[in-house]
Amino acid sequence: MTSEPVALPVLSTAPAAPVPSQSAASAAPAALGGGCASKTSCGSSAPATDPEIAEKIANHPCYSAEAHQFYARMHVAVAPGCNIQCNYCNRKYDCANESRPGVTSDLLTPEDALAKVKLVASEIKQMSVLGIAGPGDPLANPKRTFRTLELVARDCPDIKLCLSTNGLTLPDHVDRIADLNVDHVTITINMIDPEVGERIYPWVAYKGKKYTGREASKILSERQLEGLAMLAERKILAKVNSVLIPGVNDEHLVEVSQTVRGLGAFLHNVMPLVSAPEHGTVFGLAGQRGPTAQELKALQDSCAGVDGADMNMMRHCRQCRADAVGMLGEDRGDEFTPDTYQGREIAYDLAGRQAVHAEIERSRAENRTERETLRITDSGPKPDDTVLVAVATKGSGVVNQHFGHASEFWIYEAGRNWASLVQTRDVQRYCEGPSECGDGASVLDKTIAMLSDCAAVLCSKIGPGPYDALADAGIEPIEVYELIETAVAAAGARITAARTAAAPTDGSGDAGTSPTDVAAELDLEVRGGELVDVDLLDPDLMDEDPFAFAVHVRPGAGSCSGAGAGKGGRDGGCSGHGAEHASGSRTDGCRTDSSRTDSAHTDGADLEVARS
């Protein structure tokens, strides 16, 4: 269908694109820290430095990677219609077996949505956020959307309100969004170049006309960027979702990220294309593949830039259904069918919710104190050497799930004093029963392939079969029940230091390959003897430091003593042939080892290993 073009301001695809409200565009980076680059908070576990932003994201599971371990979300499907068509979308109703955007089992009226929210929030008291995300576009259904938000704001004052939109009509509704105190809005922006967009969007319907091809994408992009700038001007936190479509917009999304950051986007969420043929989408039926987990991470890293200086990325998205209920990564929607709330007068348990939230915050404060005590962080300059570590968890900030029961793994970048969540990866459960695992060999093979770039897997328990299979694939299985960041940093420090110690030297003087270099990295000093080797020990020996280590020395004479040879600051020493000093119930100190030294016998007392 051909129509006369709408007279809209033309935006270039350059990052500094002007918008109709130039003051909004220029004010956005100042108001929101240029995409949160200065806040060390969005999408991370570090506290925000801006009190207003800190309050907005404190218990929002999508805007805070830490909060998503403790708080739940809920979507209500009240918006059936949509004003654009995407080649990756197929809105489905009465669909219980798919977990992806646009899918719902029931379409609700605003009144039914309120009843369901009150029931869910009283049963799942850690639920902190209500979002309207479909199954169509909420702003293509403004009456139903805003009526729902009004009712929830009236009866459930402690719940944060959010909505997601394609952005086509966003500029028309920003003032209404602000009036309702909706302070989190997600816009799906897959392109800023209409040439790219015409491969994604067959048509858009705007002001009573249908547009196709490049013209449709041009209108959509201009309206999206205008709406984003208007949100930023009003200090409404905007998250930009982008679907990574290999061969279509993969090389373009870095430019998208830079542009939306310049217009004040708070967070960028690059998601993988879901394109299985059975979903019935254009891309799925045409055989368009989605990205691998490794491709997705590489693109997210490129958008983030060095140390997240370019854009703060959301790494824990689960691509939720339009009727999702529960923690991210789980769906408890089948517990709340229409017969549980329709036609019922449901009391809202505000006091009970406040008590649960207070307990959650107490637990989070304890975890934060432990991270600070151990100097574990995910902000600021990261270590030069890191590895990827997969974690099986049921939430609450703890490694607490059996390997075979995991339906997803959280992927952390790990190093000494460093634990940063960079991705979540779905897997088919290897173990279907509560205590016994079946054959599952092909499922296990797929899981191992998905984790092939990880150095270790942390879980509370793992069977001998998958343990051996992971080890054979070069992935270290580690059983531990511990605060996630503590266990991740311990594993990362041990693995990276051990790799450094084991790296061959070529005599060229490169740093980081000899025992002396490792000792320097660990702040060790050997006096009265010659350092032979440094071994990193079991992470369970970790106490104040996130790892333990032992040193092998060739003494000049005498015994070895000093502070921190095994535990960073504790006294420990060794004497005698191959002796090992123990302090308390943990292994500490340094040791000599006849298998590694020409002369291990110690007679004197002038050898010392100290932690500086």
Selection count where residues are assigned to a loop (DSSP other than H, G, I, E, B) and charged (D, E, K, R), scope the stretch 203-222
1
Identify, by number, the condition in (1) modelled with pLDDT of 95 or more; (2) over 26 Å from Asn312 (Cα atoms) that Ala455 doesn't meet.
(2)
Criterion (farther than 21 Å from Asp426 by Cβ, of a type in the set (Gly, Ala, Ser) and open to solvent by 40 Å² or more (accessible area, probe 1.4 Å)) met by exactly one of Ala286, Ala265, Ala298:
Ala286
Leading residue by the ranking (farthest from Ile189 (Cα to Cα)) among those in the stretch 257-306 that are in a helix (DSSP H, G or I) and in contact with a Gly (Cβ under 6 Å, 6 or more places away or on another chain)
Pro277
All but one of (1) at pLDDT 95 or above; (2) over 18 Å from Gln300 (Cβ atoms); (3) buried (at least 21 other Cβ atoms within 10 Å of the Cβ); (4) in contact with a Lys or Arg (Cβ under 9 Å, 6 or more places away or on another chain) hold for Met230; which doesn't?
(4)
Taking the stretch 53-88, which residues are of a type outside the set (Gly, Ala, Ser), more than 22 Å from Ala121 (Cβ to Cβ) and at pLDDT below 85?
Ile53
Given the criteria in contact with an Asp or Glu (Cβ under 9 Å, 6 or more places away or on another chain) and either modelled with pLDDT under 95 or part of a helix (DSSP H, G or I) (or both), does Asp112 qualify?
yes
Can you confirm whether Arg321 is crowded, with 19+ Cβ neighbours inside 10 Å, in contact (Cβ under 8 Å) with a residue 24 or more places away in the chain, within 29 Å of Ala390 (Cβ to Cβ) and charged (D, E, K, R)?
yes
Could you please let me know if Gly213 is more than 28 Å from the chain's Cα centre (by Cα), open to solvent by less than 30 Å² (accessible area, probe 1.4 Å) and at pLDDT below 95?
yes
Of all residues in the stretch 361-387, how many are open to solvent by 60 Å² or more (accessible area, probe 1.4 Å) and within 17 Å of the chain's Cα centre (by Cα)?
1
Considering (1) touching a residue at least 60 places away in the same chain (Cβ under 8 Å); (2) outside any loop (DSSP other than H, G, I, E, B); (3) of a type outside the set (A, V, I, L, M, F, W, C); (4) surrounded by fewer than 19 Cβ atoms within 10 Å (Cβ to Cβ), say which one Lys235 fails and leave the rest.
(2)
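The values are calculated or read from the model by the stated rules, or taken from the named source; none is laboratory data. Just so we're clear, the structure is a prediction, and the values are computed from it rather than from any experiment. Every residue, glycine as well, gets a Cβ built from its backbone with ideal geometry; the counts of neighbours run over all protein chains shown. Areas reflect the complete protein model, heavy atoms only, side chains present, ligands, DNA and RNA absent. Shrake-Rupley method; radii C 1.70, N 1.55, O 1.52, S 1.80 Å.
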